[in-house]
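The values are calculated or read from the model by the stated rules, or taken from the named source; none is laboratory data. Remember, predicted model here, so these are calculated numbers, not experimental data. So basically every Cβ, Gly included, is an ideal-geometry build from the backbone, and we count neighbours across all protein chains shown. Side chains are part of the model used for accessible areas, which takes the heavy atoms of the whole protein and leaves out ligands, DNA and RNA. Shrake-Rupley method; radii C 1.70, N 1.55, O 1.52, S 1.80 Å.
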Amino acid sequence: MLDRRTFLRTAGAAGVALLAGPAALSACAGDPQALQGPLRPVQYGTPAGPASVLLSWFAIADRLGYFAEEGVESTVKAVPAPLPLVQAGKLQASVQTPAELLPFLAQNPASDLMVVWTSVPRPFLWTVVPATSTVRDFSELKGKTLACLGPGGLWWFIDAMCTQSGLRPGDVKKAVVPAGAALVAAFRKGEIDAGIYPDAQVVQANEQLRGDPIGPLRVLPIPASLQKTGGTTNILKRSTLEKNGDFYAGYLRALVKGFTFLNANVPAGISIHLDAFPTLRQPNESRRQTIDRLAKELQPRLDVSGPPDWATEKHPWGWTYKENLSGWEEIIPVLAGKKLDLAKLYTNELVSRAHDFEAAEIVKAARAHPVE
């Protein structure tokens, strides 16, 4: 687990520049856009959508001028299934879990999509049951109803959980239930036995279940073979990487700066994100209450975003470990009917270049940044 203290220790503790926003950045180093010339667009597809606090480093990188400094005009789009669009060249990049990417590649052997960055090297999907449930292991869900957000990577992951828990795909009944109030109501009514949702959405549900006998929801263990699989990966076409590697290294560098800022001062980072997406603030909620609520939702994802505890060698944020994909080596043939050469599906060549900046300056700027 990479807590903020560990992250800051690796990032450095000293620095000189204070970046309070694009104007301050321009004052310190000249206008980034003027230095780089016209900005090149990068459209990034994600099922979560741009307003999600789980992507707050995008807003930070945009608002503090990190993207412009690298000559990038970044747009985050809500796309339920981004992989076909990246393959067709209609999106430049996307985020996707191995549970979605690997079956897609198995079924589309001509695809040249590859992993260039792993922002979350551990699973962040939580299988949960009510506190009153007698279920203690995923294998005990045979014949029971498991709620989830819908088809796609989540269903692949459920089937993978089945195969690694002594069950067959289909032994668990899938029910599509939106996160939030609908999920809480389904648990209360006994319409579902369990649910599998991203960590932040479980945190949201537990907030609504305060004082309820069925809360907080209890997390079931992940099968050992899946505990090292990557949670979130960034996808590019191999041909795009070959033609524009330097540009995308800069694009990722802007994101690393945003992530460094966020880890150094989570409330300040969320405050910047809230400026970009003010509708995240709920009725009768103060700005500080909104920031605190979003911080609770974000923290579990930050906890699994650093170098994993199981890694024998620690690498910078974004590194793809072979274990992130190899956990699927025996699963993909079962689920998709084909084998994959996993070693050819990822590269770490952009990671070191993306970290080529003075992290201590970003850390100092974040610590000095006002929260509200």
Per the filter on the range 339-351, residues surrounded by 13 or more Cβ atoms within 10 Å (Cβ to Cβ) and either modelled with pLDDT under 95 or not hydroxyl-bearing (S, T, Y) (or both) are L340, L342, L345, N348, L350, V351
Matching option when the condition is out of contact with any helix residue (DSSP H, G or I) (no Cβ under 6 Å at 6 or more places or on another chain), of a type in the set (V, I, T) and either under 23 Å from A354 (Cα atoms) or open to solvent by less than 10 Å² (accessible area, probe 1.4 Å) (or both), among T75, T132, T97: T75
Within the range 93-134, work out how many residues are among the β-branched types (V, I, T), more than 19 Å from A160 (Cα to Cα) and in contact (Cβ under 8 Å) with a residue 24 or more places away in the chain. 5
Return only the number of the condition from (1) charged (D, E, K, R); (2) more than 15 Å from P198 (Cβ to Cβ); (3) assigned to a helix (DSSP H, G or I) that E100 does not satisfy. (2)
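How about the range 102-128: which of its residues are under 21 Å from Q299 (Cα atoms) and either over 18 Å from the mean Cα position of the chain (by Cα) or among the β-branched types (V, I, T) (or both)? Working first, answer last.
Pass one, the range 102-128, residues under 21 Å from Q299 (Cα atoms): 117-128.
Across the range 102-128, the qualifying residues are T118, V120, T127, V128.
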Any pair with Cβ under 6 angstrom, 6 or more apart, that starts in the range 279-306 at a residue that is of a type in the set (S, T, Y) and ends at one that is part of a loop (DSSP other than H, G, I, E, B) and at pLDDT 95 or above: T290/R281
Go through (1) in contact with an Asp or Glu (Cβ under 7 Å, 6 or more places away or on another chain); (2) without any contact (Cβ under 8 Å) to a residue 24 or more places away in the chain; (3) not basic (K, R) one by one and return the number of the condition W155 breaks. (1)
State yes or no: is E361 of a type in the set (D, E), surrounded by fewer than 16 Cβ atoms within 10 Å (Cβ to Cβ) and over 23 Å from the mean Cα position of the chain (by Cα)? no
Looking at this structure, is W328 within 30 Å of P103 (Cα to Cα), of a type in the set (A, V, I, L, M, F, W, C) and modelled with pLDDT of 95 or more? no
Identify the single condition in (1) of a type in the set (G, A, S); (2) buried (at least 16 other Cβ atoms within 10 Å of the Cβ); (3) assigned to a loop (DSSP other than H, G, I, E, B) that A366 does not satisfy, given that it satisfies every other one. (3)
Among the residues of the range 78-94, count how many are open to solvent by less than 10 Å² (accessible area, probe 1.4 Å) and part of a helix (DSSP H, G or I). 2
Based on this model, can you work out whether E323 counts as open to solvent by 30 Å² or more (accessible area, probe 1.4 Å), within 18 Å of the chain's Cα centre (by Cα) and among the charged types (D, E, K, R)? yes
Cβ pairs under 6 Å, 6+ apart or interchain, first in the range 63-84 and farther than 12 Å from K257 by Cα, second in a loop (DSSP other than H, G, I, E, B) and open to solvent by 20 Å² or more (accessible area, probe 1.4 Å), ordered by first then second residue, are G71/L39; E73/L39; V76/P50; P80/P47
Here, helices (runs of 4 or more DSSP H) confined to the range 163-274 with at least 2 residues that are among the charged types (D, E, K, R) are 199-208, 238-264
Picked from the range 103-129 (must be in a strand (DSSP E or B) and farther than 22 Å from V86 by Cα), the residue most open to solvent (accessible area, probe 1.4 Å) is W126
Among the residues of the range 346-353, is any of a type in the set (G, A, S) and either touching a strand residue (DSSP E or B) at 6+ places or on another chain (Cβ under 7 Å) or part of a loop (DSSP other than H, G, I, E, B) (or both)? no
Counted residues in the range 158-173 being touching a strand residue (DSSP E or B) at 6+ places or on another chain (Cβ under 6 Å) and surrounded by fewer than 18 Cβ atoms within 10 Å (Cβ to Cβ) come to 1
